[in-house]
Each structure stands twice: as C-alpha cells, then as structure tokens.
Amino acid sequence: MKWGKWQSFCTSIQKKFKEAPHESQKPNTTIQFLADPSKFNTTSQMAPLFLLFLLHVTTLSAADLRPGFYSETCPEAEFIVRDVMKKALIREPRSVASVMRFQFHDCFVNGCDASMLLDDTPTMLGEKFALSNINSLRSYEVVDDVKEALESVCPGIVSCADIIIMASRDAVALTGGPYWEVRLGRLDSLSASQEDSNNIMPSPRSNASYLIDLFQKYSLSVKDLVALSGSHSIGQGRCFSIMFRLYNQSGSGQPDPAIEPKFREKLDKLCPLNVDQNVTGDLDATPQVFDNQYFKDLVAGRGFLNSDQTLFTFPHTKKFVKLYSKDQGEFFKDFVEGMLKMGDLQSGRPGEVRKNCRVVTGHQANSFWELTKEREENYKVIKSTTRFCC
Ligand code: HEM
C-alpha cells in the first residue's frame with residue numbers, strides 16, 4: 001500500500017476510535033474483521049491484505065429493540081411496508097429479493113443502521129459504490145416508496161433501518177417463505193463508509209471456511225451461515241459474479257469441478273467469455289419462490305455462485321445443506337433465527353430518524369428513547385403555547 005493511502009487509512013481508523021461510543025453505551029463485543037484476500041480480480045481492487053479493522057458491532061439487548069415498537073406512534077407502519085412491498089412484487093417480482101438483500105449488506109457494515117441507503121456527498125463516499133454493491137444492489141426506489149408512504153402518515157417516526165428489516169421479512173413471506181415478528185426501534189446512521197463495506201462484504205468467490213470465520217465475527221454460527229445463504233432461494237446474480245468459476249477457478253484455467261456438467265453447459269451459454277457481465281441468471285431453479293430448492297440445487301451441483309456451491313463441498317456446512325434440502329420446515333425455522341440475530345447487530349453509535357433514506361437529516365440522538373423523550377418535551381411546549389395563545 002502506498003504511504004499516502006496508508007496514512008489516510010490510519011487517520012480513518014483513529015477517527016473510528018474517537019467516534020466510538022462512551023464506555024457506558026459501548027457494545028458488548030469488539031469484533032475484528034480481516035479483509036477478504038480472495039476478493040475480486042485485480043490487485044488494485046483487492047482489499048489490503050494486512051487490513052485489520054476494529055469495528056464496534058454489538059447485539060443490542062432485547063430491551064432496546066422490540067416487537068410492536070411503533071404500535072402507538074405509527075400503528076399502521078407494518079401494514080404500510082407490507083402494502084408497498086406487495087405492489088413492488090406485482091410490478092417486478094425480482095425487486096423484493098433485491099430489497100431483502102439489503103438486510104445483509106446493511107447489518108454487516110457497522111450494524112443495521114441503513115448506512116447503505118445513503119447517497120454519496122462531496123465529503124462522504126457512501127456504500128452504494130462499494131465493490132459488492134456497485135452495479136449489483138438495486139431497487140433502492142422500493143425503500144423510497146415505503147418511506148414516502150410512511151412519512152405521509154406518521155412523519156419522522158419510522159427509521160429507514162427498521163424499514164429494511166420489515167421489508168426483508170415481507171419479501172420472504174410474500175414469496176412463500178416464513179413470516180416472523182421483527183424487533184424494531186433502530187436508529188439511522190449519520191454516515192456511511194465505502195471502505196468498511198469494501199473490507200467486510202464477502203466476494204462471490206469466497207469459500208466456506210472464509211465465510212464461517214466471517215459470520216463467526218458477528219456471533220453467527222455455521223448453521224446461521226448456511227440457513228441465511230438460503231436467501232439465495234430468490235433473486236438473481238450477474239455473469240460478473242461467476243465468470244472465474246466458469247473459466248478460471250482458482251487460476252487453474254479450468255471451470256469449478258463442483259459444477260454439474262449439464263448445469264455448466266447452461267451457465268456457459270448464459271455467460272460466454274465475451275458476454276456483457278451484467279447479464280443475470282437465477283440463483284436457484286425457483287427464483288421467485290422462497291423455498292428449499294436452493295439446497296436441493298446445491299446437492300445436485302447446481303449452485304450459481306461459488307460461495308453457494310462451496311457450502312456443499314465443505315464438510316462443516318454440508319450437513320446443514322443436506323438437512324435443509326430434505327426438510328424445508330427446518331430451513332425456515334433456522335432462517336428466521338438467523339435473520340433475527342443478524343437484525344440485532346448494532347453499532348451503538350448515535351443516530352437519527354431520516355426523512356429521506358438517502359440523506360442524513362441532521363437531528364441526532366443517542367437512542368430512540370432519547371428521541372421519544374425529546375418529542376414528548378416538544379409536544380408539551382406546543383401544548384402549553386397553544387393554551388396561552390389564540
Ligand atoms: C454468505 C455470504 C454471501 C455472499 C458471498 C453473497 C453474495 C451474493 C452475490 C455475489 C449475489 C449476486 C450479486 C450480483 O451478481 O450482482 C447475491 C445476491 C443475493 N443475495 Fe447474497 N450473498 C451472501 C449472503 C446473503 C445473505 C445473508 C442474504 C440475505 C439474508 C443474501 C441475499 C441475497 C439476495 C436476495 C440476492 C439476489 C438479489 C437480487 O436478485 O437482486 N445474500 N449475493
């Protein structure tokens with residue numbers, strides 16, 4: 001790494017420590033992230049090998065996040081989210097899968113705080129153009145629609161971070177998967193970090209052992225990893241994400257031997273060497289239905305991504321793939337558990353409730369409780385002034 005770059009990296013780390021919350025509100029766990037050395041093709045894109053990130057991500061206590069959080073302040077909230085997601089599904093079935101992916105890309109990068117929804121500003125490189133997100137994350141407009149609908153009914157109440165959690169749950173339920181009660185009460189971040197996203201989000205080339213280590217840093221088990229990967233039961237991926245495994249797996253000049261030959265023929269046709277790499281293919285054989293077909297496909301050597309198929313070739317993960325391929329109920333149960341755990345990841349930093357999910361509003365607080373208290377105070381002032389006025 002060049003010295004100038006190294007210096008700015010060190011400054012950003014120092015800043016991170018300065019910004020770290022006070023001891024009393026500090027997260028329970030300090031988690032270390034090591035950049036994925038297998039990430040992407042070129043050295044310039046590759047995350048620095050020695051990069052060690054100390055990020056503060058924690059699992060909030062149940063007291064901070066709870067079901068029915070908006071039952072008094074915005075009782076219609078969950079209904080509104082569901083309604084907009086239903087419309088999105090009818091308009092473009094894939095869009096709900098794209099929104100569901102947001103939960104992973106949001107929660108893994110400094111907790112579930114909607115940082116990945118922030119647009120770049122002159123002083124901040126956001127996450128939308130991070131390596132795993134650029135030309136890949138999509139359907140941001142569905143979240144905009146949800147937010148607009150919520151703002152028109154209960155302005156300034158429902159956070160974008162909570163919208164992602166509700167919308168992801170609805171995406172699963174609306175496509176035939178399980179329904180579960182979500183814990184709510186998250187704040188939206190005041191910034192985003194492209195660098196953190198680059199260093200954290202796993203590449204489609206990752207192998208199971210790398211993914212196990214990554215998930216473990218978030219207190220997510222091997223079972224959670226396999227169950228959550230079952231999210232690839234819906235949606236699509238680009239040729240860009242599989243070119244290496246079709247033509248040059250691990251620099252061998254050969255395809256990944258784990259791909260079943262007929263399926264490889266199909267993928268070769270979809271993604272020939274000279275293809276526009278934005279062409280997309282289905283992540284499993286039933287890409288609009290949330291079911292356990294994804295696991296059946298892995299058992300048959302028909303996984304789309306390397307990071308999918310590796311779950312069947314690696315012994316620690318294989319047993320869960322086998323189990324879920326035979327027992328959809330078990331998959332659904334473990335998937336819900338994983339989504340709840342992932343949804344509890346928080347940075348502990350101050351936040352706000354944004355008016356527009358793409359932009360920081362600038363009215364920060366340390367917790368939802370503080371925001372609510374502030375609102376109550378404002379309400380009292382409004383009430384008392386009304387009494388003396390007119
Ligand atoms: C285990 C590590 C994971 C890796 C390496 C990974 C990687 C990827 C990649 C490469 C794509 C296709 C992107 C493209 O080609 O543009 C994708 C799509 C997707 N991912 Fe993951 N993913 C992982 C875990 C997850 C998790 C935990 C979730 C959600 C809980 C998730 C949800 C999705 C969905 C729904 C899509 C399809 C999106 C669409 O159709 O727009 N993924 N993932």
Handout entry: Qualifying residues in region 109-144 (those that are closer than 22 Å to VAL360 by Cβ and within 8 Å of the ligand (Cβ to nearest atom)) - the one surrounded by the most Cβ atoms within 10 Å (Cβ to Cβ)
Key = SER139
Handout entry: Residue satisfying condition, being surrounded by 22 or more Cβ atoms within 10 Å (Cβ to Cβ), at pLDDT 95 or above and more than 12 Å from the ligand (Cβ to nearest atom), within set SER209, SER189, SER229, SER233
Key = SER189
Exercise for the section: Considering only residues that are surrounded by 14 or more Cβ atoms within 10 Å (Cβ to Cβ) and more than 12 Å from the ligand (Cβ to nearest atom), look in region 267-280 and name the one that is nearest to GLY303 (Cα to Cα). Expected result: LEU267
Exercise for the section: Report yes if ASP284 is of a type in the set (D, E, K, R), within 13 Å of the ligand (Cβ to nearest atom), buried (at least 22 other Cβ atoms within 10 Å of the Cβ) and free of Cβ contacts under 8 Å to residues at least 60 places away in the same chain, otherwise no. Expected result: yes
Exercise for the section: Go through the residues of region 165-176 one by one and say whether even a single one is touching a residue at least 60 places away in the same chain (Cβ under 8 Å), touching a Gly at 6+ places or on another chain (Cβ under 7 Å) and surrounded by 24 or more Cβ atoms within 10 Å (Cβ to Cβ). Expected result: yes
Exercise for the section: Taking PRO257 as the residue in question, decide whether it is in contact with a helix residue (DSSP H, G or I) (Cβ under 9 Å, 6 or more places away or on another chain), in a loop (DSSP other than H, G, I, E, B) and within 15 Å of the ligand (Cβ to nearest atom). Expected result: no
Exercise for the section: Please find, among ASP268, ASP291, ASP284, ASP276, the residue that is part of a helix (DSSP H, G or I) and of a type outside the set (A, V, I, L, M). Expected result: ASP268
Practice task
Sort out which residues of region 288-316 are among the aromatic types (Phe, Trp, Tyr) and more than 11 Å from the ligand (Cβ to nearest atom), and write them in order of number.
Solution key: PHE295, PHE312, PHE314
Problem - Test: VAL158 is buried (at least 24 other Cβ atoms within 10 Å of the Cβ), of a type in the set (Val, Ile, Thr) and not in a loop (DSSP other than H, G, I, E, B) - result: no
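The values are calculated or read from the model by the stated rules, or taken from the named source; none is laboratory data. Keep in mind the model is a prediction, meaning the values are calculated, not measured. Don't worry about glycine lacking a Cβ; one is built from the backbone with ideal geometry, like all the others, and counts go over all protein chains shown.
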